[in-house]
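The values are calculated or read from the model by the stated rules, or taken from the named source; none is laboratory data. Keep in mind that what you see is a predicted model, and the values were worked out from it rather than measured. All Cβ positions, glycine included, derive from the backbone under ideal geometry; neighbour counts span all protein chains shown. These area figures cover heavy atoms from the full protein model, side chains too; ligands, DNA and RNA do not enter into them. Shrake-Rupley method; radii C 1.70, N 1.55, O 1.52, S 1.80 Å.
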Amino acid sequence: MLVIEEIVVPLRLNFMIDRATVDRIIDAAKIVDVVGEFVTLKKAGVNYKGLCPFHDDRNPSFMVSPAKNICHCFVCGKGGTPAGFLMEHEQITYPEALRWLAKKYNIEIVEKELTDEERTAQSERESMFIVNEWAKDWFHDILKTDPDGVAIGKQYFRSRGIRDDIIEKFQLGYAPQKRDALSKAAIKKGYQPEFLLKTGLCYERKIEGDKDNTEEDKGQLIDRYSGRAIFPWFNVSGKVVAFGGRVLDSRTKGVAQKYVNSPDSDIYHKERELYGIYQAKKAIVKEDRVFMVEGYTDVIAMHQAGIENVVANSGTALSIHQIHILHRFTSNITLLYDGDEAGIHAAMRGTDMLLQEGMNIKVLLLPDGDDPDSFARKHSTEELKRYIEENQTDFITFKTRLTVENISDPVKRSEGIAGIVKSIAVIPDQILRSTYISDLSRRIGIKEQTLIAEMNKYIRAGIEEKEKEREREERKNEGTAVSPTPKPTSATIGAASQIELLLLREIIRHGEEIIFEDVETDNGTKISLSVSQYINYDLSQDELLFSQPIYNQILAEAVARQNDEAFKAETYFCSHPDLQISQLATRLAIDRHQLGGRFKFDKEDEDKDKQQQEKTARLRQRILHLVMDYRLDIMEKRLKTIQQQLHLLGSNMEQTKKLLQEYMDTKEIRDALARRLGSDLIV
């Protein structure tokens, strides 16, 4: 019997939270509220639907059930309770997810200090987030209270026209010019040098090639951002993942690198983050559009001008990860850059990838000499919004004007047209492709059929390239040594028999429900058996186990929890701290097609007790049938195994005789089970 210990969840580096508080958090968390922070949801009957945030979803397949307080994708299978969703979406631990929910629902956490051993056991990721959060507050406090912070740092932001409320909104800061100020302050507070290095807040001084350094200097921690204005990076859920530091205006002349950014780490990968996404996500959903700009100050200036649905990719080409983040909130994006050559180049980067992912692109190049920062500071909110509305164009129009119109050279014009057609070819929506082709034909005076033929060439080439890539992957995987059997996941669970899954579904949905009352045992006592207890009892008679260890764990936990009066299997397993169990339970708890609440009993005064008795009887009959089905399935598999062994034995008569006898015994059991189930078997 598996013993289930009381869950005590560590939350912060020095503290932990008890089971009672965990229960309060779980009870308070509402799945629609939580998922709605990251996914645009639309009402669908009694449920909600949206684009799945866990795979490249173009048709809403992600269902959120307020009644069950769970979510589930019917394509990739991911989802879970509010905590489970956060664990998967944000790649955080169960304690981190609970902490996120507690903050959202204003639940006070009664904390207890951890021992040194417990503190050491905390995850490095959590430690890095904590160090970054402290550093953000430290930089911000320096800006507001330190004499140099106010005189230098705050003066810089004011010179850029940034108001105090915007400084607070983005938690802007300043790093003192002393090159070890942060590291000394952090170590004094008890933060380990290891995490100052891993987050990139500091680096170690080296002595090679530097005559001014002594041997004693080697290994000294140096602050990465000393003397710079600080821009914290928040991820979608509001955690500080990185920093950007800008040399101040008086020092920029002749400086090759005005900005220094955090290096990649366990919690930060530049191609997976967007500056300003945390501050912008609600406005993106509300406006159903996102503006993409290049830099930190562009984002901040737009916010100050009253346009909040704006993010920056900070000068790098858009990645597929960043596009997927944006697509969770909207399908509409406007690329907003300055009108010089660099701005045009920025507008062209990554656009085919955006089109391929089903994004609707508009482009707006500002007057030459202006970037979003300077332009926003020159105009009122109304003027800025009107200018954007009147001057943004769809991407195909933008590209046509840029590469085809007013181009007299036949070769360059042909190359420009081919580039536009190639961009149209990657658009997944066939109707939109056709619309763009018609528009392009009208603009450049080339027959539509000619353009369609060219487009189809690119589409075929794309399909062939994907096929070649698939073949390359298959060849690469050929001959790979067989690795040890991994712990089953939601992807590998499909290998289990359908009968096992049906039995497990009953354990998840009805595990605590009593189906046998006053059953007399061998010693004369009478007991009641729940669904999970009966299944466990029946299988244990012949020492039968499920094929997947996780199934056996769920059954054991359900049996162990049966004496807990508050135990409800579906709630317990869907909220399980093991993400694998939580996701599996969610998948089995949720129905693909659920009634929309339109059907009700005609007789409101129908005998409730009678209804319950009939429901219990149906459940009991279903469990009995499934258990026999499972036994029958085991017998069928055993018969096939014996037949295979007989084929391999050859002339070994003694062993053949034993196997034949085992085959007959197994077949007899199989036939008896089949008769009880009402099956007709052909021998």
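Determine whether Ile527 is surrounded by 20 or more Cβ atoms within 10 Å (Cβ to Cβ) and among the β-branched types (Val, Ile, Thr). Judged against the criteria, Ile527 is not a match. Filtering the range 25-58 to residues that are open to solvent by less than 50 Å² (accessible area, probe 1.4 Å) and among the aliphatic types (A, V, I, L, M) leaves Ile25, Ile26, Ala28, Ala29, Ile31, Val32, Val34, Val35, Val39, Leu41, Ala44, Leu51. Looking only at the range 283-329, residues that are crowded, with 20+ Cβ neighbours inside 10 Å and of a type in the set (Ser, Thr, Tyr) come to 3 in all.
For first residues located in the range 379-402 and closer than 17 Å to Val290 by Cα, partners that are basic (Lys, Arg) and lie 6+ apart or on another chain with Cβ distances below 8 Å form the pairs Gln392/Lys362; Thr393/Lys362; Thr393/Arg401; Asp394/Lys362; Phe395/Lys362. Just to be sure, is Asp56 among the acidic types (Asp, Glu) and part of a loop (DSSP other than H, G, I, E, B)? Considered against the rule, which asks whether it is among the acidic types (Asp, Glu) and part of a loop (DSSP other than H, G, I, E, B), Asp56 comes out as yes.
Is it the case that the range 422-435 has a residue that's of a type in the set (S, T, N, Q), out of contact with any helix residue (DSSP H, G or I) (no Cβ under 8 Å at 6 or more places or on another chain), surrounded by 14 or more Cβ atoms within 10 Å (Cβ to Cβ) and not in a loop (DSSP other than H, G, I, E, B)? Break it down into steps so the answer makes sense when it comes.
Within the range 422-435, the subset of a type in the set (S, T, N, Q) is 423, 430, 434-435.
Within this subset, residues satisfying the condition of being out of contact with any helix residue (DSSP H, G or I) (no Cβ under 8 Å at 6 or more places or on another chain) are 430, 434-435.
Then drop every residue that is not surrounded by 14 or more Cβ atoms within 10 Å (Cβ to Cβ), which leaves 434-435.
The next check asks that each one be not in a loop (DSSP other than H, G, I, E, B); those that pass are 434-435.
Yes; the residues of the range 422-435 include at least one that is of a type in the set (S, T, N, Q), out of contact with any helix residue (DSSP H, G or I) (no Cβ under 8 Å at 6 or more places or on another chain), surrounded by 14 or more Cβ atoms within 10 Å (Cβ to Cβ) and not in a loop (DSSP other than H, G, I, E, B).
For (1) more than 30 Å from Arg505 (Cβ to Cβ); (2) modelled with pLDDT of 80 or more, each residue gets a yes or a no:
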position: Asp605; (1), (2): yes, no
position: Gln611; (1), (2): no, no
position: Arg618; (1), (2): no, yes
position: Gln621; (1), (2): no, yes
position: Val627; (1), (2): no, yes
position: Glu636; (1), (2): no, yes
position: Gln644; (1), (2): yes, no
position: Thr656; (1), (2): yes, no
position: Gln661; (1), (2): yes, yes
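Being farther than 30 Å from Gly161 by Cα, open to solvent by less than 50 Å² (accessible area, probe 1.4 Å) and in contact (Cβ under 8 Å) with a residue 60 or more places away in the chain, is that true of even one residue in the range 404-418? No: the range 404-418 contains no residue that is farther than 30 Å from Gly161 by Cα, open to solvent by less than 50 Å² (accessible area, probe 1.4 Å) and in contact (Cβ under 8 Å) with a residue 60 or more places away in the chain. Among the residues examined, Asp141 qualifies as in a helix (DSSP H, G or I), charged (D, E, K, R) and under 12 Å from Ile230 (Cβ atoms). Being outside any helix (DSSP H, G or I) and not hydroxyl-bearing (Ser, Thr, Tyr) holds for only one residue in Leu355, Leu384, Leu335, and it is Leu335.
Restricting attention to the range 59-78, the residues that are touching a helix residue (DSSP H, G or I) at 6+ places or on another chain (Cβ under 9 Å) and either outside any loop (DSSP other than H, G, I, E, B) or surrounded by fewer than 19 Cβ atoms within 10 Å (Cβ to Cβ) (or both) add up to 7.
Could you grab me the full set of residues in the range 386-403 that are among the aliphatic types (A, V, I, L, M) and open to solvent by less than 30 Å² (accessible area, probe 1.4 Å)? Spell out the reasoning first.
Of the range 386-403, the ones among the aliphatic types (A, V, I, L, M) are 388, 396, 402.
Hits for the range 386-403 are Ile388, Ile396.
For the criterion of being in contact with a Phe, Trp or Tyr (Cβ under 9 Å, 6 or more places away or on another chain) and of a type outside the set (A, V, I, L, M), Asn456 fails. Inspect all residues belonging to the range 339-348 and state whether any of them is in a loop (DSSP other than H, G, I, E, B), touching an Asp or Glu at 6+ places or on another chain (Cβ under 6 Å) and surrounded by fewer than 19 Cβ atoms within 10 Å (Cβ to Cβ). Within the range 339-348, one or more residues are in a loop (DSSP other than H, G, I, E, B), touching an Asp or Glu at 6+ places or on another chain (Cβ under 6 Å) and surrounded by fewer than 19 Cβ atoms within 10 Å (Cβ to Cβ). Criterion applied to Phe231, Phe195 was being open to solvent by less than 30 Å² (accessible area, probe 1.4 Å), out of contact with any Pro (no Cβ under 9 Å at 6 or more places or on another chain), modelled with pLDDT of 95 or more and outside any loop (DSSP other than H, G, I, E, B), and the one residue passing it is Phe231. Here the range 457-468 is the region considered, the condition is being under 12 Å from Lys422 (Cβ atoms) and more than 29 Å from the chain's Cα centre (by Cα), and the residue that is surrounded by the most Cβ atoms within 10 Å (Cβ to Cβ) is Tyr458. Of all residues in the range 572-582, those being modelled with pLDDT of 85 or more and open to solvent by 40 Å² or more (accessible area, probe 1.4 Å) number 1. Would you mind stating whether Glu383 is farther than 30 Å from Ile300 by Cβ and surrounded by 11 or more Cβ atoms within 10 Å (Cβ to Cβ)? Here the answer is no, as Glu383 does not meet what is asked. Please determine, by comparing only the residues of the range 534-545 that are part of a loop (DSSP other than H, G, I, E, B) and open to solvent by 70 Å² or more (accessible area, probe 1.4 Å), which one is nearest to Leu502 (Cα to Cα). Top of the filtered list is Leu545. Condition check for Gly358 on (1) touching a residue at least 40 places away in the same chain (Cβ under 8 Å); (2) exposed (fewer than 15 other Cβ atoms within 10 Å of the Cβ): one failure, at (2). Within the range 270-294, residues that are on the phi > 0 side of the Ramachandran plot sit with their Cβ atoms under 9 Å from residues that are aliphatic (A, V, I, L, M) and modelled with pLDDT of 90 or more, at 6+ positions apart or across chains, in these pairs: Gly276/Val293; Gly276/Val299; Gly276/Ile300; Gly276/Met302; Gly276/Val310; Gly276/Val311; Gly276/Ala312. On the stretch given as the range 81-106, residues that are open to solvent by 20 Å² or more (accessible area, probe 1.4 Å) and in contact with a Phe, Trp or Tyr (Cβ under 9 Å, 6 or more places away or on another chain) total 3.
With the condition kept exactly as written, say whether any residue in the range 583-591 is open to solvent by 40 Å² or more (accessible area, probe 1.4 Å), at pLDDT below 80 and not aromatic (Phe, Trp, Tyr).
Going residue by residue through the range 583-591, those that are open to solvent by 40 Å² or more (accessible area, probe 1.4 Å) are 587, 591.
After this cut, where a residue has to be at pLDDT below 80 as well, the list is 591.
Imposing the further condition that a residue be not aromatic (Phe, Trp, Tyr) reduces the set to 591.
Yes.
The set of residues from the range 423-455 being among the polar types (S, T, N, Q) and touching a residue at least 40 places away in the same chain (Cβ under 8 Å) comprises just one member, Ser423.
Go through the range 14-51 and give me each residue that's part of a helix (DSSP H, G or I), touching a strand residue (DSSP E or B) at 6+ places or on another chain (Cβ under 9 Å) and at pLDDT 85 or above.
Ile25, Ile31, Val32, Val34, Val35, Gly36
Is there a residue in the range 476-488 that is of a type outside the set (Phe, Trp, Tyr), buried (at least 16 other Cβ atoms within 10 Å of the Cβ) and either modelled with pLDDT of 60 or more or assigned to a helix (DSSP H, G or I) (or both)? No: the range 476-488 contains no residue that is of a type outside the set (Phe, Trp, Tyr), buried (at least 16 other Cβ atoms within 10 Å of the Cβ) and either modelled with pLDDT of 60 or more or assigned to a helix (DSSP H, G or I) (or both).
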